[in-house]
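Peer 1: This structure is in C-alpha cells; I'll ask about it shortly.
The values are calculated or read from the model by the stated rules, or taken from the named source; none is laboratory data. Because the structure is a prediction, the values reported are computed rather than measured. Because the Cβ atoms are built from the backbone with ideal geometry, glycine has one as well, and the counts that use them run over all protein chains shown. Please note that ligands, DNA and RNA were not included when accessible areas were found on the heavy atoms of the full protein model with its side chains. Shrake-Rupley method; radii C 1.70, N 1.55, O 1.52, S 1.80 Å.
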Number of protein chains: 4
Amino acid sequence: MTDDLNALRRRLAEFAAARRWQPYHTPKNLAAALSVEASELLEIFQWLTPEESSRVMADPDTAHRVEDEVADVLAYLLQFCEVLGVDPLAALAAKIDRNERRFPPV
Amino acid sequence: MTDDLNALRRRLAEFAAARRWQPYHTPKNLAAALSVEASELLEIFQWLTPEESSRVMADPDTAHRVEDEVADVLAYLLQFCEVLGVDPLAALAAKIDRNERRFPPV
Amino acid sequence: MTDDLNALRRRLAEFAAARRWQPYHTPKNLAAALSVEASELLEIFQWLTPEESSRVMADPDTAHRVEDEVADVLAYLLQFCEVLGVDPLAALAAKIDRNERRFPPV
Amino acid sequence: MTDDLNALRRRLAEFAAARRWQPYHTPKNLAAALSVEASELLEIFQWLTPEESSRVMADPDTAHRVEDEVADVLAYLLQFCEVLGVDPLAALAAKIDRNERRFPPV
C-alpha cells in the first residue's frame, strides 16, 4: 500500500521539499540525473557476456547494487514526471497501444 | 486499472513474447536500451536554459516527445526488472528509507 | 595536416562562432550533448551479440553511422575541452601513467 | 611527442594487451564503457547552474575530476576506433565539411 507508485511519488516530493532541493529539480537537471543513473546501472553490465549478465542476481552484493540503481532510475523518473505533470503510466499505456499497431506479432 | 504498473509489466512481457524478442532481452541489452532512452529524453533539454526546460510542456509537439521518451524509459526499466526478478517499487521504497536516515531534513 | 586534432578544434570553434552558438556552449550543455552522442553510438550496438558487434563495419550504412557518431562524440569532447581550457591529450597521457602503476601487467 | 593522438592510441592498445583485456574489448562493450564515462563527466555538472558550470576549473579537486573523466572518454573512444579500424580525425573532418554545407553561417 505505502509502496505503490503514487505513494512513492509523494514521498519523493516531500523528501525533496523537506531538504529544500526543489530549486535544483528543474526538468533539465532531473533528465540529466536520470540518464546518469541509467548509466550507473549499465556500468554493472558493461564487461559481462550476455550469459553472465543473466546471472547477476546470484551474487548478493551485485544484486543489491542492481536494486539500488533501479531505485535511483525510478526515483528520478518519478521526480521528472512530477515537475512536468506527466503521468508515466498513461504515457506507457498509450505507447504500448501505438506499438501494438506498429509492430504486428510474428 | 489496465494501466497500473503490474498490468503494464504483463503487457510488455506479452508484447515481447508475441514478437519473439526475448532472446534480445538480456539484462545487459535492456540496461543499454534504458540508458539510450534516458539520453533521448535528455536530448530534448540539452540546449535549453533552466527556465526554458520548465516550459517544455507548453508546446504540444515537445510535450508529446517528452511523454514518448518517458514511456520508453519506463518500458525498458520494467522489462529489465522482469527478466531479473527485481521489484522496482520495493527497491525504491527501501532506498527512500535509507535516504531519510542519510540526509536529515533541513 | 588540416585534420590534426588542434586544427579540428580550431575549425569547431570557428564553426560555432560563425553561427553564434557560443551562448549554448556552456560546459554543462556540452557535457550533456557529449553523453547524448555517446548513447547514439551505443544505440547501434544495443541488440547485437558480441560477435555481431565486431562485424558492423562490413555493412556500409552501419559503418557510415558509426563514423558519424564517432565524429559527434569527438566534436563535443573537443568543444567541451575548449570552453574549459582542458588539454585532452595531456589528460589522457597522465591517466595512462597512473593506470600503469595501478594495474600491473599480467 | 609521446602524447600525440596516435602515440596514445598505441599506448592504450599495448596497455590492454599486456593485461589480456582484449576479450572484453568488443565494440559493443567499448561503446557501453564510453557512454558510461561520458555520463560520469555529466554527473559533475548535473546540479550546477550554467554559470557555476563555467567555473568548475577554479576548484582543484573538481578540475582534476573533469580532466580524469575527459581522459576516460577519450581512452574508450580511441580503443573503440582501434578495434573497428575507424579513423576518428578523418571522421570528424568529414563531418565538419558536411555541417558547413548543412548549417550556413549567420
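Peer 1: For the stretch C:23-32, indicate whether the set of residues that are farther than 17 Å from residue D:39 by Cα and assigned to a helix (DSSP H, G or I) is non-empty. Please lay out each step first, then the result.
Peer 2: Step one: of the stretch C:23-32, the residues farther than 17 Å from residue D:39 by Cα are C:23-25.
Cutting the leftovers down to assigned to a helix (DSSP H, G or I) gives us C:23-24.
The answer is yes; a qualifying residue exists.
Peer 1: Could you tell me how many of the residues in the stretch B:47-77 are within 16 Å of the chain's Cα centre (by Cα), open to solvent by less than 30 Å² (accessible area, probe 1.4 Å) and within 8 Å of chain A (Cβ to nearest Cβ)?
Peer 2: Final tally of qualifying residues: 8.
Peer 1: Criterion first (among the aliphatic types (A, V, I, L, M) and outside any helix (DSSP H, G or I)) does residue B:41 satisfy it? Give the derivation first.
Peer 2: Numbers: among the aliphatic types (A, V, I, L, M): yes; outside any helix (DSSP H, G or I): no.
Answer is no for this residue.
Results for (1) touching a residue at least 12 places away in the same chain (Cβ under 8 Å); (2) outside any helix (DSSP H, G or I); (3) of a type outside the set (Asp, Glu); (4) in contact with a strand residue (DSSP E or B) (Cβ under 6 Å, 6 or more places away or on another chain), shown as yes or no for each residue.
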position	(1), (2), (3), (4)
C:48	no, yes, yes, no
C:52	no, no, no, no
C:81	yes, no, yes, no
C:98	no, no, yes, no
C:106	no, yes, yes, no
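Peer 1: If you go through the stretch B:59-73 one residue at a time, do you hit one that is in contact (Cβ under 8 Å) with a residue 40 or more places away in the chain, closer than 14 Å to residue A:88 by Cβ and of a type outside the set (Ser, Thr, Tyr)?
Peer 2: We begin by selecting, within the stretch B:59-73, every residue in contact (Cβ under 8 Å) with a residue 40 or more places away in the chain; these are none.
The answer is no, given that none of the residues of the stretch B:59-73 is in contact (Cβ under 8 Å) with a residue 40 or more places away in the chain, closer than 14 Å to residue A:88 by Cβ and of a type outside the set (Ser, Thr, Tyr).
Peer 1: State the number of residues belonging to the stretch C:78-106 that are in contact with a helix residue (DSSP H, G or I) (Cβ under 6 Å, 6 or more places away or on another chain) and of a type in the set (A, V, I, L, M, F, W, C).
Peer 2: Qualifying residue count, the stretch C:78-106: 9.
Peer 1: Further question: Hey, can you tell me all the residues within the stretch D:80-106 that are aromatic (Phe, Trp, Tyr) and surrounded by 13 or more Cβ atoms within 10 Å (Cβ to Cβ)? So that I can check it myself, show each step before the final result.
Peer 2: At the first step, the residues of the stretch D:80-106 found to be aromatic (Phe, Trp, Tyr) are D:80, D:103.
Selection gives D:80 alone.
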